[in-house]
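Participant: Got a structure for you, questions after.
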């Protein structure tokens, strides 16, 4: 199946929609993100987690292409969850959401995430990032 990333570069995916696992401790944020993603052609929300401690098991069970995860969560935060997931699986791609600004970039990248998106980012930019991180194109300003 041929699609294009945000810059228009054609990208070939083996099959189907981009499968997304949404991870956020706030139910309203999690639901809003899931609804936004579900309304988009080419994206499918395969599951939701309310804490970073659920990410490794959910990822093994649901096989997402992308984990869209909040950085700051009680219990296991996004950094620890990313490190735990990377210890057992190189895939999926991990897009971290943050309200902490660009100062978290070094720690997020060191943990193994693929992108850091500020929470104030417009929906279209977030959607472009999700598509771009899977395609491997280097046009996304949030991707590492």
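Participant: Yes or no: residue 22 under 12 Å from the mean Cα position of the chain (by Cα), part of a helix (DSSP H, G or I), surrounded by 18 or more Cβ atoms within 10 Å (Cβ to Cβ) and modelled with pLDDT of 95 or more?
Facilitator: Numbers: under 12 Å from the mean Cα position of the chain (by Cα): yes; part of a helix (DSSP H, G or I): no; surrounded by 18 or more Cβ atoms within 10 Å (Cβ to Cβ): yes; modelled with pLDDT of 95 or more: yes.
Considered against the rule, which asks whether it is under 12 Å from the mean Cα position of the chain (by Cα), part of a helix (DSSP H, G or I), surrounded by 18 or more Cβ atoms within 10 Å (Cβ to Cβ) and modelled with pLDDT of 95 or more, residue 22 comes out as no.
Participant: Exactly one of (1) out of contact with any helix residue (DSSP H, G or I) (no Cβ under 7 Å at 6 or more places or on another chain); (2) part of a helix (DSSP H, G or I); (3) surrounded by fewer than 19 Cβ atoms within 10 Å (Cβ to Cβ) is unmet by residue 83. Its number?
Facilitator: Single failed check for residue 83: (1).
Participant: OK, next. Would you mind stating whether residue 96 is closer than 21 Å to residue 43 by Cβ and either assigned to a loop (DSSP other than H, G, I, E, B) or modelled with pLDDT of 95 or more (or both)? So that I can check it myself, show each step before the final result.
Facilitator: Working: closer than 21 Å to residue 43 by Cβ: yes; either assigned to a loop (DSSP other than H, G, I, E, B) or modelled with pLDDT of 95 or more (or both): yes.
So residue 96 fits the description; yes.
Participant: Another question about this same structure. Being modelled with pLDDT under 95, surrounded by 15 or more Cβ atoms within 10 Å (Cβ to Cβ), out of contact with any helix residue (DSSP H, G or I) (no Cβ under 6 Å at 6 or more places or on another chain) and closer than 16 Å to residue 23 by Cβ: is that true of residue 51 here?
Facilitator: Taking the combined requirement at face value, the residue satisfies it.
Participant: Sticking with this one: Could you look through the stretch 54-80, keep only residues that are more than 25 Å from residue 121 (Cα to Cα) and in contact (Cβ under 8 Å) with a residue 40 or more places away in the chain, and pick out the one that is surrounded by the fewest Cβ atoms within 10 Å (Cβ to Cβ)?
Facilitator: 75
Participant: I'd like the residue in the stretch 128-144 that is out of contact with any helix residue (DSSP H, G or I) (no Cβ under 8 Å at 6 or more places or on another chain) and surrounded by 15 or more Cβ atoms within 10 Å (Cβ to Cβ) and, out of all such residues, is modelled with the lowest pLDDT.
Facilitator: 137
Participant: Could you please find all residues in the stretch 14-44 being without any contact (Cβ under 8 Å) to a residue 40 or more places away in the chain, in contact with a strand residue (DSSP E or B) (Cβ under 7 Å, 6 or more places away or on another chain) and within 22 Å of residue 76 (Cα to Cα)?
Facilitator: 30, 33, 34
Participant: Related question: Among the residues of the stretch 88-104, how many are touching a residue at least 24 places away in the same chain (Cβ under 8 Å), surrounded by fewer than 18 Cβ atoms within 10 Å (Cβ to Cβ) and out of contact with any helix residue (DSSP H, G or I) (no Cβ under 7 Å at 6 or more places or on another chain)?
Facilitator: 3
The values are calculated or read from the model by the stated rules, or taken from the named source; none is laboratory data. Not measured: the values here are computed from a predicted model. Cβ coordinates were reconstructed from backbone atoms using ideal geometry, including for glycine residues, and neighbour counts include every protein chain displayed.
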